[in-house]
1. Given a Förster distance of 25 Å, report the FRET efficiency between Lys23 and Glu168 from their Cβ-Cβ distance, rounded to the nearest 0.05.
2. Between Asn243 and Ser110, 0.36 nm times their residue separation minus their Cα-Cα distance comes to what?
3. Filter Lys44/Lys273; Lys254/Lys321; Lys41/Lys152; Lys100/Lys197 down to the pairs with a C-alpha to C-alpha distance above 30 Å, please.
4. Per residue of region 150-165, what does 6.51 cos²θ - 1.76 cosθ + 1.60 with θ = phi - 60° give for ³J(HN,Hα)? Whole Hz please, x for Gly and Pro, Karplus curve as stated.
5. Roughly how big is the chain's charge dipole about its Cα centre, with Cβ charges of +1 (Lys, Arg) and -1 (Asp, Glu), in debye to the nearest 20?
6. Return the tail of the calculated pair distribution for region 121-221, meaning the percent of Cα-Cα pairs more than 15 Å apart.
7. Counting other Cβ atoms within 10 Å of each Cβ, which GluC sites (Glu not before Pro) in region 1-107 have at most 12 and sit in a DSSP loop?
8. Fewest first, what order do Asp125, Asp261, Asp66 take by the number of other Cβ atoms within 10 Å?
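What follows draws every value from the coordinates through simple rules; no lab data is involved. Keep in mind it's a predicted model, so treat the numbers as computed, not measured. Backbone-built Cβ (ideal geometry, glycine too); neighbour counts: all protein chains shown.
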Amino acid sequence: MELNYKLLEQIINVDSPTGYCTKVINLLESIVKELGFKYYKNQKGNLIVEIEGKSNYTKGLSAHVDTLGLMVRSINSNGTLKFTTLGGPLLNTYNAEYCKVYTRDNKVYSGTILSTSPAVHVFPDSRSKELKEDTMCVRLDEVVYSASDTKKLGIQTGDIIAIDPKFEITESGYIKTRFLDDKASAFLLLELLRYIKENNITPKDNLKLIFTTYEEVGFGASNIPDINELLAVDMGCIGLDLNCTEEQVSICAKDSGGPYDYNMVSNLINLAKDNNINYAVDIYPYYSSDATASLKAGNDIKAALIGTGVAASHGMERTHKHGMENTFKLILAYLNI
């Protein structure tokens, strides 16, 4: 099946910093409903799709739709916004990026994230200033000169700030955009649903697809429906001594939460070999996933983690269509469909 990357672009372009996922979940809900699958939402806003299989065994697959972002911490005396981070973005990659501010009364304002010393002709430390929360701000595209001017717009502490994802697919097959972590995987699970629907498939096992909303802050899949095992579909990392490339599917043997289920990981490796899927096995010491959150919450499950190789994670990310396709193939092989 040829993947519909227009859908990926649509999902990426719906702003959804962690804690502000209603719009993107509503989009996914409309797609699931149109496909005719049974679903429900829990109190955290996670979307759970249920598919009855031929056995009493239940496999869960998760992907998260929440992204990195910012939140208004306070308003500076000159009308710019001081912010706090949502999740763990690389703030040096946010410098000079466009953004949107979402107010509690549903107004949206555009702006730019900047250093507090943004001009080389004015500030002697403009080239050397460390970029962190205390040395950056959001410049609004509104006529504001004071904190009171900004407050009159309805902007206040706690408002969400979303970053422009800058989605692009190159002729060579690279997908360049923010938030491949983890909307790339959410897209693949939606494509899985389309594949099941179009081919009238009844899976071997019961399936529960879990789209989570708080993964970037550590508790997206902490409470999950009744399943026997969970395959978190997230992202593979690239760099240092890692094996994975953007064209491969990554199989994670261990992350910061510890090793994943030995038998599940071994099975995924064998499935990749048997189906001629381009894969890599890696260890990610600075990484955690929805599977990690689920295990730490005490759920009695087996768990594993796979995902397309993503370069520059939590910055300006990039993967390749080949990596997406290899991940999709491994999902199909894992489900034996």
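1. 0.70
2. Net length gain for the segment: 43.9 nm.
3. Table pairs above 30 Å Cα-Cα are Lys44/Lys273; Lys41/Lys152; Lys100/Lys197.
4. 5, 4, 5, 6, x, 7, 8, 4, x, 5, 7, 10, 10, 9, 4, x
5. The dipole of the chain has a size of about 560 debye.
6. On the way: 4051 of 5050 pairs.
So the portion of pairs separated by more than 15 Å is 80 percent.
7. Answer in residue order: Glu2, Glu52.
8. Asp125, Asp261, Asp66
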